[in-house]
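Student: Before I ask anything, let me first share the structure, which is written out below as structure tokens.
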Amino acid sequence: QVQLVESGGGLVQAGGSLRLSCVASVSYFSAKTMGWYRQAPGKQRELVALITSGGSTNYADSVKGRFTISRDNAKNTVYLQMNSLEPEDTAVYYCNGPRRDYPWGQGTQVTVSS
């Protein structure tokens, strides 16, 4: 049973930083591309960042230069370091595969105040 558990969200002022974590009980995790998604109120869930098994990364234009995705295969964990946060980054953040391959976790709420 695949389980994704996100954590690390919170309330932060604009310009602040947060680091999100996702522990994924995915078989052969180290061989899998993983990503972070977010869903703001009233909006569709969108892909924010991806990291391949080899460590290559890709970002949505809206977060490029501010967010960094990374992974620790020994811990089956993918991270999202978020700097220079903006109110527009307020959303529930989720991790999953590139094709939304697994059941969604509960997500972690990020709220950025202006």
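The values are calculated or read from the model by the stated rules, or taken from the named source; none is laboratory data. In this text, all values refer to a predicted model and were calculated from it rather than measured experimentally. Because the Cβ atoms are built from the backbone with ideal geometry, glycine has one as well, and the counts that use them run over all protein chains shown. Quick note on the areas: whole protein, heavy atoms, side chains included, nothing else; ligands and nucleic acids left out. Shrake-Rupley method; radii C 1.70, N 1.55, O 1.52, S 1.80 Å.
Student: For Ser113, what is the net charge nearby, where nearby means another residue's Cβ is under 13 Å from its Cβ and Lys, Arg count +1, Asp, Glu -1?
Tutor: Summing Lys/Arg as +1 and Asp/Glu as -1 gives -3.
Student: Per residue, how many Å² of accessible area does the stretch 1-107 show with a 1.4 Å probe?
Tutor: Here the residues of the stretch 1-107 average 52 Å² of exposed surface.
Student: Compute the Rg/Rh shape ratio of the chain: radius of gyration over Kirkwood radius, all on alpha-carbon atoms.
Tutor: 0.94
Student: Further question on the same structure: In what sequence, largest accessible area first, do Asp72, Asp61, Asp89, Asp101 appear using a 1.4 Å probe?
Tutor: My answer, sorted largest first, is Asp61, Asp101, Asp72, Asp89.
Student: Kindly state, to the nearest 0.05, the FRET efficiency for Asn73 paired with Gln13, given R0 = 35 Å and r defined as their beta-carbon distance.
Tutor: It comes to 0.55.
Student: Where is the GNM fluctuation largest for the chain (alpha-carbon springs, 10 angstrom cutoff): Leu80, Leu50, Leu11?
Tutor: Judging by the Gaussian network model, the answer is Leu11.
Student: Follow-up. How high is the FRET efficiency from Arg66 to Gln44, r the C-beta distance, R0 22 Å, rounded to 0.05?
Tutor: Computed FRET efficiency for Arg66 and Gln44: 0.55.
Student: Could you please state how large a percent of the accessible area of the chain is carbon and sulfur, counting protein chains only and using a 1.4 Å probe?
Tutor: 46
Student: Taking every alpha carbon pair in the stretch 1-68, what does the distance histogram look like in 10 angstrom bins from 0, in percent?
Tutor: 16, 47, 31, 5
Student: Do you know the relative contact order of the chain, to the nearest whole percent, from alpha carbon pairs under 8 angstrom that are 6+ apart?
Tutor: 37
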